[in-house]
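The values are calculated or read from the model by the stated rules, or taken from the named source; none is laboratory data. Computed from a predicted structure; not experimentally measured. Cβ coordinates were reconstructed from backbone atoms using ideal geometry, including for glycine residues, and neighbour counts include every protein chain displayed. What goes into the accessible areas is simple: the full protein's heavy atoms, side chains included, and nothing from ligands, DNA or RNA. Shrake-Rupley method; radii C 1.70, N 1.55, O 1.52, S 1.80 Å.
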Amino acid sequence: MFLVKIGGSVITNKSKYRVFREKKTSEIIDNLSKTGEPFALVHGGGSFGHLKAKEYSLPGPLTKESATGFSIVHRDMVDLSQKVVKIMVRTGLNGISIPPAFTITGDSLRTDIFQDYFDRGFIPVTFGDTYIRNNRVEIISGDDLVLQLAAKLKPDHVIFLTDVDGIYDRNPKKYRDAILLRSLAVEAKFEMHGTDVTGGMENKVRVMKKISELGATVYLLNGNISSRLHEIGTDRFIGTVIK
Ligand code: ADP
Ligand code: IPE
């Protein structure tokens with residue numbers, strides 16, 4: 001099976017509040033469907049998550065102000081997730097969105113729910129979300145959810161789709177001479193994305209390495225060119241692989 005994370009940088013315009021990129025998302029779902037592999041899906045927040053989280057200083061202590069931020073970010077994320085599921089259903093895929101805020105105990109997702117739906121032929125969908133822990137409003141990133149789900153679902157392939165061709169030795173959006181790392185053997189310098197409250201590329205690479213230690217092959221590729229999904233495992237593949 002595939003466990004797939006679609007980055008907020010692909011499904012939204014990350015700098016404009018609540019701008020959903022429907023066409024790109026449809027192309028990804030269509031290409032995933034055409035691989036014929038069963039899969040589970042995690043998506044990021046992009047401009048449905050990060051902008052309001054920043055505005056309300058989340059994560060942070062639970063206050064009157066941050067509680068409002070909690071409700072706004074959670075509402076926007078559920079809304080984004082339903083837009084994704086709507087496309088899935090239109091494509092003939094039986095998606096079900098499972099919000100982390102309902103199923104997190106401590107910092108751990110109830111992954112058995114995902115396994116149960118998957119075993120019955122549904123496609124579980126989850127997303128970076130806000131949740132309450134002790135007296136704080138917390139945020140869990142889609143990348144961290146992928147790690148927890150990988151431990152339970154034991155996918156053969158874990159695929160991260162983002163807005164660049166792979167992992168580079170430095171941020172390719174800042175350095176035009178950055179080099180694409182086809183595998184992660186080379187030591188890379190990583191920089192955080194400016195608008196990200198969940199750690200950007202640095203956290204993603206940390207998560208990818210941990211998943212690889214669980215035994216899955218992990219890929220990072222450009223979700224804006226999702227036809228590349230069909231080239232996974234071939235010589236033509238463009239992206240980064242961690243084995
Ligand atoms: P997503 O929203 O898809 O989860 P992020 O925005 O968190 O992704 O991370 C992708 C961004 O990370 C890219 O747009 C890129 O500008 C930035 N980035 C920083 N350092 C690197 C690097 N070494 N290699 C690739 N991308 C990097
Ligand atoms: C962010 O999730 C969730 C919220 C801010 C609520 P991610 O960290 O996985 O989102 P992207 O992929 O970077 O946009």
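How high is the FRET efficiency from K173 to N203, r the C-beta distance, R0 22 Å, rounded to 0.05? Walk me through the intermediate numbers first.
Numbers: r = 17 Å, r/R0 = 0.78.
With R0 = 22 Å, the Cβ-Cβ based efficiency is 0.80.
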Positive-end extreme of charge dipole, segment 74-158 - chosen from L80, I132, I113 (charges on Cβ): L80
From phi via Karplus (6.51, -1.76, 1.60), per-residue ³J(HN,Hα) for segment 120-125 in Hz, x at Gly/Pro: 8, x, 8, 10, x, 10
Convex hull volume of segment 41-101 per residue (C-alpha atoms, cubic angstrom): 72
Intensity falloff of segment 71-158 expressed as log10 I(q)/I(0), Debye formula with alpha-carbon point scatterers, at q = 0.18, 0.26 Å⁻¹: -0.81, -1.42
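Would you mind working out the accessible area per residue for segment 1-58, using a 1.4 Å probe, and quoting it in Å²?
On the way: 2120 Å² over 58 residues.
Here the residues of segment 1-58 average 37 Å² of exposed surface.
Shape verdict for segment 119-243, please, from the Cα gyration tensor: rounded (a/c under 1.5), prolate (a/b greater than b/c) or oblate.
Details: a/c = 1.84, a/b = 1.20, b/c = 1.54.
Note, shape of segment 119-243 comes out oblate.
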F127 long-range amide H proximity, modeled H, under 5 Å: H43
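Pop out the Kirkwood hydrodynamic radius of segment 1-116 from its pairwise C-alpha distances, inverse of mean 1/r, in Å to one decimal. Write down the numbers at each step before the final one.
Values: mean 1/r = 0.0657 Å⁻¹.
After inverting the pairwise mean of 1/r, the radius is 15.2 Å.
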Net dipole in debye of the chain [+1 Lys, Arg Cβ; -1 Asp, Glu Cβ; about Cα centre; nearest 20]: 440
Gyration tensor (alpha-carbon) shape descriptor, segment 71-116, a/c threshold 1.5: oblate
Residue order for H230, H157, H43 - accessible surface, 1.4 angstrom probe, largest first: H230, H157, H43
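Within the chain, what percent of beta bridges assigned by DSSP are antiparallel, to the nearest 5? Show your work: numbers first, answer last.
Values: 14 of 37 bridges.
Given both bridge residues lie in the chain, the antiparallel proportion sits at roughly 40 percent.
Just tell me, in residue order, which DSSP H segments of the chain are both 15 angstrom or longer along the helix axis (alpha-carbon based) and at least 0.5 in mean Kyte-Doolittle hydropathy. Could you put the intermediate results ahead of the total?
Working: long enough: 22-35 (20 Å, -1.14); 64-90 (39 Å, 0.03); 142-153 (16 Å, 0.68); 200-213 (20 Å, -0.80).
Membrane-span-like by this criterion, though nothing is claimed about a membrane: 142-153.
Ignoring ligands, DNA and RNA, please state the percent of accessible area on segment 1-57 from carbon and sulfur, probe 1.4 Å. Before the final figure, lay out the partial values.
Numbers: 980 of 2110 Å².
Of all accessible area on segment 1-57, carbon and sulfur atoms account for 46 percent.
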Share of alpha-carbon pairs per 10 Å distance bin for the chain, given as whole %: 8, 34, 38, 18, 2, 0
